[in-house]
Amino acid sequence: MRNELIAGAATAALLLAATAASAQTAASVTDPTLLQDVVVTANRSAQPADRVGQSVTVLTTAEIEASQAVAVSDLLLRTPGVTVSRNGGVGGVTGLRIRGAESDQTVAVIDGVKLNDPSGTGGGYDFGNLLVGDIARIEVLRGAQSTLWGSQAIGGVVNIVTAAPTGPFQADLDAEAGSRGTAYLRGGVGGATERATWRLAASHYQTEGFSSFAGGIEEDGFEQFGLSGRADIRVTDTVSIDLRAVYSDGEADIDGFAPPTYAFGDTREVAETQQLVGYAGVNFDLLDGRFSNRVAYGHTRTDRRNLNPDQALTDVTFDAEGVNDRYEYQGVLDIREGWTATFGAEHEEAEFTTRAPSSFDPNPASATAEASIDGVYAQLQAEVVDGLTLTGGVRRDEHDTFGGKTLGQAAVAWSLNQGSTVLRASFGQGFKAPSLYQLFSEYGNTALLPEEADGWDAGVEHHLLGGGLILSATYFSRETTNQIDFVSCTGSETPASAPLCFRNGAPRFGYYFNVARTQADGVELAADYGIGAFSVQANYTLTNTENRTPGANLGRELARRPKEAANLVATYEWPFGLSTSVAVQHAGASFDNASNATRLDSYTLVDLRASYPINETLEVYGRVENLGDEVYETTRNYGVAGRGAFVGVRARF
């Protein structure tokens, strides 16, 4: 299996580069060299930030390196509206939530390929195995965004772009080591000419870790190997070919329910995950560059396997494979100055196989299923008067099991006072198709409807002191209906005589059903201040969530959503080149379950960072994480990292 994945990584690929949006040169949707004041994700083509009505945060290469983050989830946690829960350390199951949405209601995209795992319960993306590696740019788009991004984009979109060279030959090498036997080595090499750009990168991360079980004594480590490559070939002045592939192979020690009592605690169980992401495509321009087109193929494959040497009869406790193939066309037409039309068509095929052997049934039958979805979309963006940009779009999807869905979105951006003030507002609809597991597993229900959401936001961004101080405030609200939950056939809420508690005449433990309705609203505040050698970045998010589902949990807060979250990074650049930073992260109290019976206390973490360029080639850096050795939980009974110190070196050639 692993050899097949590696072979696939070498051959997979075709396109998804984005294109021009105004009378400017076409810009790739996967171009990491774009400026911070240019946004791609909101409109799937490069746009000046002051023309974008949605809420977007852009993390550039410089910001990613300055953070010294290892896991992408830790990096995203520092942005407005994002919260994270993790089962243990790096490599543990990690759920990322945007504006209080479910973790499987976020679309993750890497180099143009939509990431998901069809074999997962909700079909969403687990951020636990995603390390920073060769990532050069991240855009976080908040709010319901299914018009352009399709199923799952209820909370928002995380668009990740890997590095691309800008010179004839470039190479880099990063190495770091530190607490808990941690070592991280990554490097890349590439080059760019007038007709071709290429890059290959590899990484290896390992750590002895700490106990995933909060009360455990054994160390649960994690090791991952990563490989990525890209090639951009300009065939003619108007035709180009893009190739991308990203592969990762990780093994994490996990804790679980150990026999004979099956209480949660230390176990010798390990979770193996291999993932391949690839695409290939062709871009071509017409009408003197005013009409940009792309035809793309994207592929993801995730293989997961859990092994427990202490389980009787078989050491395999879980085995799953999820494959997704996506074909699409997108066109971007520059109608006239300030008027841009974006439209496209997509076809997605997903399949999964999963089984869960145990000492009671070492050879269970595998659950296997496949489904497809077709979609078309169109959007018009127009600067109707100087500084005022309106955007509107519509989408239609047809799923081969649950049927069709039509939705839309609208946004406005008004740039005033020569861009020093930008007013923004947007309305968007989101939907999430039932996952293959929810439809066809032993708990499946083929009568499920898609989850639906209506969301809107409004905000202001103001630039002061010649751009040295940027303040922003945004209010957001979202209502989700038809949310899919698991209904137990053994509990008090559903009588065992209910028809869905039986399948082919045999009783089952439960089933998935459209029972939940939720509400989330709140405020996001952000400030960015820089004067001379001193800079401060800060944000604060207030998120109110409510379960509006009739029943025992009506009016309760949604689980694992801190009501308050705040981040601050203060940096000082010393005259002799040393850069020092203090980073503070605060999460308010939350609850670990739907009944709000289990409380997760608030916590505050402080990190110290420093970096020093020895010369134009070498830079040394170091950090202390969780300076106060805070003990906290993001998921009940799962451990977290204590104080840790790390040092590293970066080389750029």
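Structure summary
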item	result
Hydrodynamic radius (Kirkwood) for segment 291-340, which is based on Cα pairs only, to one decimal in Å	15.1 Å
Gap separating the Cα centres of segment 204-225 and segment 523-595, nearest whole Å	26 Å
Under 19 Å from the residue 469 label point (7 Å along Cα→beta-carbon), backbone N, segment 570-604	570-572
Value at 222 nm in deg cm²/dmol, rounded to 500, when DSSP H runs of n ≥ 4 in the chain each add -39,500 (n - 2.57)	-1000 deg cm²/dmol
Gain on full stretching of the segment that runs from residue 570 to residue 517 - 0.36 nm per residue minus C-alpha separation	15.1 nm
Alpha-carbon gyration tensor eigenvalues x 5, square-rooted, for segment 37-97, Å	26, 14, 9
Centre separation in Å (Cα based) which lies between segment 607-653 and segment 85-127	24 Å
Cβ-based charge dipole, segment 295-347, positive-most Cα from 347, 312, 322	347
Against the rule of thumb 2.2 N^0.38 Å, how large the Cα Rg of segment 130-247 comes out	1.39
Nearby aspartates and glutamates by direct alpha-carbon distance to residue 563 (threshold 14 angstrom, same-chain neighbours under 8 apart not counted)	521, 524, 546, 592, 601
Accessible-area order (highest first, 1.4 angstrom probe) of the listed residues 261, 598	261, 598
Pair-distance profile P(r), taking every C-alpha pair of the chain, with 20 angstrom steps and integer %	18, 56, 25, 1
Chain lengthening between residue 355 and residue 617 when straightened (0.36 nm per residue, less Cα-Cα)	89.3 nm
Segment 50-83 and segment 370-416: distance between their alpha carbon centers, rounded to Å	24 Å
Surface per residue (accessible, 1.4 Å probe) for segment 392-465, Å²	41 Å²
Pair-distance profile P(r), taking every C-alpha pair of segment 207-355, with 5 angstrom steps and integer %	2, 8, 12, 13, 12, 11, 9, 8, 7, 6, 5, 4, 2, 1, 0
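The values are calculated or read from the model by the stated rules, or taken from the named source; none is laboratory data. These figures come from a predicted structure and were not determined experimentally. Please note: Cβ atoms are built from the backbone with ideal geometry, for glycine as well, and neighbour counts cover all protein chains shown. With ligands, DNA and RNA removed, areas are computed over all heavy atoms of the protein, side chains included. Shrake-Rupley method; radii C 1.70, N 1.55, O 1.52, S 1.80 Å.
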